[in-house]
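Inspection log for the structure reproduced underneath, given as structure tokens.
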Amino acid sequence: MTLRIVFRRAAKSEFEDAAVRYDEQRGGLGEEFIIEIEQSLTSAAAAPLRYPIVFGDIRRTVTRRFPYSV
């Protein structure tokens with residue numbers, strides 16, 4: 001079962017702002033951040049029960065290289 005991924009406006013804005021900030025720190029780092037988040041989202045959508053519940057029915061995965069969770 002693969003779930004559909006939907007970003008809320010605030011989350012999408014935070015995601016885009018973070019990518020810009022990372023790219024300002026080092027060229028290409030923003031793209032690496034985007035790839036990391038996309039990989040986390042893809043994994044979570046493909047196997048949501050693999051990730052721990054953090055509140056109610058909300059599950060979370062933490063990225064490996066960046067201090068973000070989805």
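The values are calculated or read from the model by the stated rules, or taken from the named source; none is laboratory data. Note that this is a predicted model, so its numbers are computed, not measured. Glycine also receives a Cβ, built like all others from the backbone with ideal geometry; neighbour counts cover every protein chain displayed.
Would you mind telling me which numbered condition in (1) in contact with a helix residue (DSSP H, G or I) (Cβ under 7 Å, 6 or more places away or on another chain); (2) surrounded by fewer than 13 Cβ atoms within 10 Å (Cβ to Cβ); (3) modelled with pLDDT of 95 or more GLY30 fails?
Going through (1) in contact with a helix residue (DSSP H, G or I) (Cβ under 7 Å, 6 or more places away or on another chain); (2) surrounded by fewer than 13 Cβ atoms within 10 Å (Cβ to Cβ); (3) modelled with pLDDT of 95 or more one by one, GLY30 breaks only (2).
Go through (1) at pLDDT 95 or above; (2) in a loop (DSSP other than H, G, I, E, B); (3) of a type in the set (A, V, I, L, M, F, W, C) for PHE7 and report which single condition fails.
Among (1) at pLDDT 95 or above; (2) in a loop (DSSP other than H, G, I, E, B); (3) of a type in the set (A, V, I, L, M, F, W, C), PHE7 violates only (1).
Looking at GLU14, GLU24, which one is more than 14 Å from the chain's Cα centre (by Cα) and among the acidic types (Asp, Glu)?
Just a single option satisfies the conditions, and that option is GLU24.
Given the conditions (1) out of contact with any Phe, Trp or Tyr (no Cβ under 7 Å at 6 or more places or on another chain); (2) outside any helix (DSSP H, G or I); (3) among the hydrophobic types (A, V, I, L, M, F, W, C), and given that ILE34 satisfies all but one, which numbered condition is not satisfied?
ILE34 satisfies all of (1) out of contact with any Phe, Trp or Tyr (no Cβ under 7 Å at 6 or more places or on another chain); (2) outside any helix (DSSP H, G or I); (3) among the hydrophobic types (A, V, I, L, M, F, W, C) except (2).
Which of the residues that make up segment 37-70 are part of a loop (DSSP other than H, G, I, E, B) and in contact (Cβ under 8 Å) with a residue 24 or more places away in the chain?
THR63, ARG64, ARG65, PHE66, TYR68, VAL70 - these are the residues of segment 37-70 that are part of a loop (DSSP other than H, G, I, E, B) and in contact (Cβ under 8 Å) with a residue 24 or more places away in the chain.
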